[in-house]
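A short worksheet on the structure shown next.
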Amino acid sequence: MAFDFDTLYDRGSGGNAKWDRRTAEEKQKGYVPLSIADMEFLPAPCIKRAVLKAAEGIYGYTDPETRYFDAVVNWMNARHNMDIAPEEVVCYYGVVPALFTAVRAFTEPGDKIIIQTPVYFPFETVVSRQGRELARNPLIESNGQYAMDYAHLESLARDPKAKLLILCSPHNPVGRVWTRAELTRLGEICAENNVLVISDEIHADIVFSGRHTAFSTLDERIARRSVILTSTSKSFNLAGLQLANVIIPDGDLRNTFKRQVDIDGYSNISHFGYAATIAAYNEGAEWLDALIAYLRENIEFFTSFIARVFPSAVISPLEGTYLPWVNFKCLGLDPKQLEYFMRVEAGLFLDEGYLFGTGGEGYERFNIALPRAELRKALDRLEAAGRARGFL
């Protein structure tokens, strides 16, 4: 079946976060934002049908039941070799809210939580806003290639106050798909020091190089000390339906998380998210495979453009996600100057590298999940701004 990824649909009103955060001038000039990580593609036809059918009924309180859990379990097994039981799945209204709840469930104020920067910026927020202490384990970068600093991680994990590590896998923004060996080493360090791993695997379905390794498929000693966060929001572009799945293999940890969920007052799930998730996991594989093929071509187009126009800029190899990470330090601009150049001079609404914490300064994160013709227009503006500035 052919799917349409080449049409840009109007999202300019109605509270859309990415589009409505543009200034009035940016809207008037028709700037397409390449920022917030949702996609400019309609959902899979099977999902649209399911949501429309759900719209014909009553929008009452909704609980997941056997049909829902079967869809989740079967998808995780088929796509990621995860052998999970239905009772291991806890539904929640988003991955970031689940992170906030997990921090409250598994740590106390004053405890240390390890993150690996540069990283998705809510990781810092869920720690700092809840009275916990950040312990940064910066990734090691060499010519755009990123690796984990295990020696430093060991020193952080040995601290008795270190209780939790929040892992980004695949990693946003650097685009790494961690290998089984890399994850095993991290897991061993955490297990030896009784540090629980919360693994944000929201981008797991969109991989271009290698294969995503779910943290719960590692050695049992490691996997039992983990909490896996998943959702259809990235792979099927359903962020607005507010539904995620928290997979917790260990029964005691699962009960601890559920108690915190009850304290927080969350009970039922999104009526439309319920219908959409079942449809995505039961019928959406063909659409997702076509999407990945289209995104792969966008990556090639984007990479060729940067290499031609800004040959001294360094693109980190995009193994997973649809979010290229580019080092623009060659332009000689400080982070705020770089932001001004991109947004005001080039007319590109991006996620600035400094937002992602230590190691992000001088970088830009692009979102290339949009029709190729629109991506070309955006990059043409960047080239014109570069020429006007004398960078080219």
Hits among lysines - C-alpha to C-alpha of K336 under 21 Å, sequence gap 8 or more where chains match: K18
Selection from V195, L156, A313 lying farthest towards where the dipole of the chain points positive, charges on Cβ: A313
Inter-probe distance in nm under a simple model that places probes 7 Å from Cα toward Cβ, at D63 and N268: 1.1 nm
Over the chain, relative contact order from alpha-carbon pairs under 8 Å, at least 6 apart, %: 24 percent
Karplus-derived 3J(HN,Hα), 6.51/-1.76/1.60, for each residue of the range 318-325, Hz, glycine and proline x: 8, 7, x, 6, 10, 10, x, 10
Neighbour-count order for T125, T217, fewest beta carbons within 10 angstrom listed first: T125, T217
Computed lengthening from T256 to Y9, 0.36 nm per intervening residue step minus Cα-Cα distance: 84.6 nm
Nonlocal amide H pairs with L165, under 5 Å, H built at 1.01 Å: I114, L196, V197, I198
For a label point 7 Å along the Cα-to-beta-carbon line of Y340, residues of the range 354-382 with backbone N under 16 Å: 362
Residues of type lysines that K161 reaches as a straight line, Cα spacing below 24 Å, ignoring anything fewer than 8 places off in the same chain: K112, K258
Nonlocal amide H pairs with Y363, under 5 Å, H built at 1.01 Å: F328, G353, Y354
Förster-model FRET efficiency, 51 Å R0, Y150 and A290, C-beta, rounded to 0.05: 0.85
Rh by Kirkwood over Cα pairs, then Stokes-Einstein D for the chain at 1.306 mPa s and 10 °C, µm²/s: 73 µm²/s
Student exercise, the chain dipole from Lys, Arg, Asp, Glu Cβ charges, in Debye to nearest 20: 660 debye
Whole-Hz ³J(HN,Hα) from phi, Karplus 6.51 cos²θ - 1.76 cosθ + 1.60, for the range 87-104, glycine and proline x: 5, 7, 9, 10, 7, 8, 8, x, 5, 5, x, 5, 4, 4, 5, 4, 4, 5
Relative contact order %, the range 266-392, counting alpha carbon pairs below 8 Å whose residues are six or more apart: 22 percent
Amide H contacts of K234 (H built 1.01 Å from N, under 5 Å, at least 5 apart or other chain): none
Residues D351, D83, sorted so that the one with the fewest Cβ neighbours within 10 Å comes first: D83, D351
R387 paired with S142, simple spin-label distance in nm, labels 7 Å along Cα-to-beta-carbon: 3.9 nm
Entries in K48/K234; K29/K377; K27/K234 that, when Cα-Cα distance is taken, lie over 21 Å: K27/K234
Choice from G144, G15, G347 showing the highest fluctuation, given a GNM over the chain with Cα pairs closer than 10 Å: G15
For the range 121-167 and the range 230-306, distance of Cα centres in Å: 24 Å
Antiparallel DSSP beta bridges within the range 47-283, percent to nearest 5: 40 percent
Ranked list, fewest to most other Cβ atoms within 10 Å of each Cβ, for E352, E383: E383, E352
Per-residue HN-Hα couplings for the range 43-55 [Karplus 6.51, -1.76, 1.60; θ = phi - 60°; Hz; x = Gly/Pro]: x, 4, x, 5, 6, 4, 4, 5, 5, 5, 5, 5, 5
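Since every read-out is calculated from the coordinates, none of them should be taken as a lab result. Quick caveat: nothing in here was measured; it's all calculated off a predicted structure. When we count neighbours, we look across all protein chains shown, and the Cβ atoms used for this are built from the backbone with ideal geometry, even at glycine.
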